[in-house]
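K.L.:
Just dropping this structure here.
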Amino acid sequence: MLRNYLLKISKDTVWVLILNGINYLSSFLLAVLISRFLGLEGLGKYTFVFAFVSILCIISDFGLTTLLIRKINENKFRSKEFILDFNLIKTSISVLLIVVIFSVSLIVKGMSDSVFLIGILLIIPRSLQSTYESSIRSFLNQSLPVIFKSINSFLQLVTSYFLLVKGFGLINIFICILVLDIFTLFVLSLASKRIIRSFNLNSNNSQVLEGSPETNLFNKFITILKESSVFFVNNFLMLSIKSLNVILLGYFSNAASVGIYSAGSRFVNGAGLFSGALFNSFYPVLSNVKKDLKLKIELTKKVLLYSSGFGIIITILIYFFSGILISLTFKTGEAVIVLKILSFSILPVIVYTVTQSFLFTVYNEKFLLKILLGAWCMNIILSIILILKYNYTGCAISLTVTELFLMITQLGKFNYDNKNLALKVSQ
């Protein structure tokens with residue numbers, strides 16, 4: 001059984017990694033185009049807006065995407081109900097966030113920028129996309145969501161190139177991205193409905209009544225939000241770190257510095273595609289291993305071994321070829337040192353992607369909350385101090401130290417659980 005699970009995880013990871021690579025390549029080339037046509041300041045502004053979008057998407061998601069995988073694995077026959085409920089909550093939060101931001105933009109100077117306001121609208125389609133992606137992955141179909149998103153990214157690249165050549169600016173690019181994201185949302189929703197319908201037709205429909213759905217809509221949503229809140233806090237603390245670094249760099253420095261940092265960090269983000277593909281394939285499989293803790297630990301140990309080796313190789317390659325990579329793309333010499341520093345964050349991200357998946361499936365969200373809160377606070381303090389002293393270089397150092405902290409603490413917890421299991425078995 002262990003071998004079958006490992007084959008499933010490795011096959012899905014490689015396939016999703018390839019598709020994510022196509023997706024990321026399009027996004028990467030778009031960033032290169034923006035830097036060539038609009039300069040480092042244009043790239044910096046583009047990155048700055050997406051830093052806000054990333055954080056707002058985490059808030060509007062409220063941990064519901066992670067919770068959805070657990071809920072669907074508990075009762076796949078209620079998938080449609082879960083999706084409708086979760087998307088209604090996400091839409092309500094997204095609209096509230098947009099209203100607040102647009103209201104604040106009328107008062108706070110600098111937030112009334114049209115590029116910023118158009119970019120913020122992306123949180124609605126992107127939040128809802130993640131629901132349908134998770135529902136599809138819960139049925140162990142890892143590649144389909146990435147295929148659609150890869151096509152979306154490619155279309156964004158092509159249309160943005162056309163707009164830039166014709167002399168259009170960032171606002172037109174963001175409108176283009178928004179329209180294509182809405183179209184991708186529609187396609188993902190159709191794919192999800194088809195998979196759920198097929199499952200229901202091929203299964204024993206008598207199980208569809210399992211569970212005790214809440215009759216009162218308000219009480220139901222409160223119950224869902226309480227359950228997802230731990231995931232939300234964990235996701236916010238973890239996923240907002242990178243975006244907050246960019247925002248702090250933009251606040252304490254300037255758009256050009258953000259552009260330099262963005263140029264260096266994009267290669268590391270590209271290597272991080274592996275961690276994303278790994279989570280999307282490993283977490284759903286591990287969630288399906290419901291009560292066999294020993295099997296979960298054995299799976300995690302094997303995946304840790306293989307993925308760590310891959311992470312070490314990528315780190316070495318990026319560190320020694322950083323100068324060539326930057327000169328071939330962004331042609332910004334200052335970004336080389338940023339890339340060298342951030343290359344040491346690749347292995348930690350890959351390692352704690354595996355350990356975090358394990359901790360989620362054994363309901364250890366509270367432990368994750370503690371270490372993520374510590375890492376988040378540490379990162380903000382380090383970022384402010386180091387950015388003020390070393391600018392974009394300090395920003396890179398802060399992020400790398402934070403990622404190393406997250407890796408060490410989560411590995412420690414996993415080893416502790418492993419030893420406890422060994423003691424129970426020996427007794």
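The values are calculated or read from the model by the stated rules, or taken from the named source; none is laboratory data. Source: prediction; values computed, not measured. Glycine also receives a Cβ, built like all others from the backbone with ideal geometry; neighbour counts cover every protein chain displayed. Ligands, DNA and RNA are excluded from the accessible area calculation, which covers all protein heavy atoms including side chains. Shrake-Rupley method; radii C 1.70, N 1.55, O 1.52, S 1.80 Å.
K.L.:
Which of the listed residues, 327, 402, 341, is farthest toward the dipole's positive end in segment 307-427, when Lys, Arg count +1 and Asp, Glu count -1 at the beta-carbon?
P.N.:
402
K.L.:
May I ask which residue of 84, 312, 228 lies farthest towards the positive end of the charge dipole of the chain, with charges of +1 (Lys, Arg) and -1 (Asp, Glu) on Cβ and the Cα centre as origin?
P.N.:
312
K.L.:
A further question follows. Could you pull the accessible area for residue 404 with a 1.4 Å probe, rounded to 10 Å²?
P.N.:
It works out to around 70 Å².
K.L.:
Report D for the chain in µm² per second (integer): Stokes-Einstein, Kirkwood Rh on Cα pairs, 37 °C, 0.692 mPa s. If you can, show how the numbers build up before the last one.
P.N.:
Values: Rh = 22.5 Å.
So the translational diffusion coefficient is about 146 µm²/s.
K.L.:
Nearest 20 debye, what's the magnitude of the dipole of segment 275-427 about its Cα centre given +1 on Lys and Arg Cβ and -1 on Asp and Glu Cβ?
P.N.:
Using Cβ point charges on Lys, Arg, Asp and Glu, segment 275-427 gives about 420 debye.
K.L.:
Please turn the phi angles of segment 310-316 into ³J(HN,Hα) values with the Karplus equation 6.51 cos²θ - 1.76 cosθ + 1.60 (θ = phi - 60°), one per residue in order, whole Hz, x for glycine and proline.
P.N.:
For segment 310-316, the Karplus-derived couplings read 5, x, 5, 4, 5, 4, 4 Hz, x marking Gly and Pro.
K.L.:
Defining a contact as two alpha carbons under 8 Å apart and six or more residues distant in sequence, what relative contact order in percent does segment 285-370 show?
P.N.:
It comes to 37 percent, rounded to a whole number.
K.L.:
Sort 319, 24, 261 by heavy-atom solvent-accessible area, probe 1.4 angstrom, most to least. Don't skip to the end; give the middle numbers.
P.N.:
Values: 319 75, 24 45, 261 10 Å².
Heavy-atom accessible area, descending, gives 319, 24, 261.
K.L.:
What whole number of Å gives the distance from the Cα centroid of segment 117-134 to the Cα centroid of segment 375-411?
P.N.:
About 28 Å separates the Cα centre of segment 375-411 from the one of segment 117-134.
K.L.:
Now, a different point. Find the relative contact order for the chain and round it to a whole percent, using C-alpha pairs within less than 8 Å whose residues are 6+ positions apart.
P.N.:
For the chain, the relative contact order is 23 percent.
K.L.:
If I compute solvent accessible area with a 1.4 Å probe over the protein chains, what percent of it on segment 39-130 is carbon and sulfur?
P.N.:
Looking at segment 39-130 in its full context, I get 72 percent from C and S.
K.L.:
On to the next question. From the backbone phi of segment 115-124, what are the Karplus-calculated ³J(HN,Hα) couplings (6.51 cos²θ - 1.76 cosθ + 1.60, θ = phi - 60°) in whole Hz, Gly and Pro given as x?
P.N.:
4, 4, 5, 5, x, 4, 5, 5, 5, 5
K.L.:
Just going by the charge dipole of the chain, with Lys and Arg at +1 and Asp and Glu at -1 on Cβ, which of 105, 283, 263 is farthest out on the positive end?
P.N.:
Checked the options; the winner is 283.
K.L.:
Through the Karplus equation 6.51 cos²θ - 1.76 cosθ + 1.60, θ set to phi - 60°, convert the phi angles of segment 34-50 into ³J(HN,Hα) values in whole Hz; use x for Gly and Pro.
P.N.:
Couplings: 5, 5, 6, 7, 10, x, 5, 5, x, 5, x, 5, 4, 5, 4, 5, 5 Hz.
K.L.:
If you place +1 on the Cβ of every Lys and Arg, -1 on the Cβ of every Asp and Glu, and leave all else neutral, what size is the dipole of the chain about its Cα centre, to the nearest 20 Debye?
P.N.:
760
K.L.:
In what order, largest first, do 146, 187 sit by accessible area if the probe radius is 1.4 Å? If you can, show how the numbers build up before the last one.
P.N.:
Details: 146 5, 187 35 Å².
Ranking 146, 187 by accessible area, largest first, yields 187, 146.
K.L.:
Oh, and also: Using protein chains only and a probe of 1.4 angstrom, how many square angstrom of residue 106 are accessible, to the nearest 10?
P.N.:
150
K.L.:
Kindly report the accessible area of the chain per residue (heavy atoms of protein chains, probe 1.4 Å, no ligands, DNA or RNA), in Å². Walk me through the numbers on the way to the answer.
P.N.:
Numbers: 19320 Å² over 427 residues.
Computed with neighbouring chains in place, this is 45 Å² per residue.
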